[in-house]
1. Could you list, in sequence order, all residues of the range 135-147 that are in contact with a Phe, Trp or Tyr (Cβ under 7 Å, 6 or more places away or on another chain) and either outside any strand (DSSP E or B) or polar (S, T, N, Q) (or both)?
2. From ARG111, ARG80, ARG67, grab the single residue that is under 16 Å from LYS53 (Cα atoms) and basic (Lys, Arg).
3. Can you confirm whether LYS170 is surrounded by 11 or more Cβ atoms within 10 Å (Cβ to Cβ) and out of contact with any Asp or Glu (no Cβ under 6 Å at 6 or more places or on another chain)?
4. Evaluate the range 91-113: report whether one residue or more is touching a residue at least 24 places away in the same chain (Cβ under 8 Å), surrounded by fewer than 18 Cβ atoms within 10 Å (Cβ to Cβ), of a type outside the set (Asp, Glu) and more than 26 Å from THR40 (Cα to Cα).
5. Looking at TRP66, TRP28 in this structure, which one is within 25 Å of SER90 (Cα to Cα) and modelled with pLDDT of 85 or more?
Amino acid sequence: MPATSWWSPRIIPVGLAKQYVYCPVIPWIIQTTGYREPPTPSMETGKLDAAFKESIARRLGLPKPWRIEIELQDGKLGLRGMVDIVAGQSPFKVVEVKRYYRRSGRERHFRAQLMVYALLVSRTLGPVDEAILVLGGKTSVYTVTREDLRSAEQIVEETRRILTREEPPKPFASEAKCNYCWYRRFCPSLM
């Protein structure tokens, strides 16, 4: 029987969908054990306040109004999250900001998180035409397509499915990811 958790199985946070894309075992461990990775020093220094996010919106020349750290929930989809920046009016621009750059190929889960946020915004506020990922000094702009939103919805559903399983899923991770992962001490695939 899964441990009591910090989320409702009916409404999952976007962060678990991001973790699912990184490695599906992580959200399963969180749900099954209740363990959550404590903030690392890089997580602590990577926290961004609303003023910094507003400076990013200004630097990017995003249309106003800017909604900074807007919390959204879609009960029908069963998803909630806090979007860093939603800019303009319909169609909206959605921005996810991370303080640190990741080497190419190591940001896939952040792009997935961004698209899940775009899905959440499109379901609660209205159409989204652009999704922008800011990783340190690198900015990537994506045109949001119907296919992107369908893929994001599939990630949400797959995450929800993983969270209700008794048996752990197979990990996506590579050996390098596993060696770095805080959850490896609880990972059934490494035991």
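1. GLY136, GLY137
2. Of the residues listed, the single one that is under 16 Å from LYS53 (Cα atoms) and basic (Lys, Arg) is ARG67.
3. Considered against the rule, which asks whether it is surrounded by 11 or more Cβ atoms within 10 Å (Cβ to Cβ) and out of contact with any Asp or Glu (no Cβ under 6 Å at 6 or more places or on another chain), LYS170 comes out as no.
4. Scanning the range 91-113 turns up at least one residue that is touching a residue at least 24 places away in the same chain (Cβ under 8 Å), surrounded by fewer than 18 Cβ atoms within 10 Å (Cβ to Cβ), of a type outside the set (Asp, Glu) and more than 26 Å from THR40 (Cα to Cα).
5. Result of the check over TRP66, TRP28: TRP66.
This table checks each residue for (1) at pLDDT below 95; (2) in a loop (DSSP other than H, G, I, E, B); (3) touching a Pro at 6+ places or on another chain (Cβ under 9 Å).
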residue	(1), (2), (3)
GLN73	no, no, no
ARG80	no, no, yes
VAL83	no, no, no
GLU96	no, no, no
GLY126	no, yes, yes
ALA131	no, no, no
LEU149	no, no, no
GLU153	no, no, no
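The values are calculated or read from the model by the stated rules, or taken from the named source; none is laboratory data. Just so we're clear, the structure is a prediction, and the values are computed from it rather than from any experiment. So basically every Cβ, Gly included, is an ideal-geometry build from the backbone, and we count neighbours across all protein chains shown.
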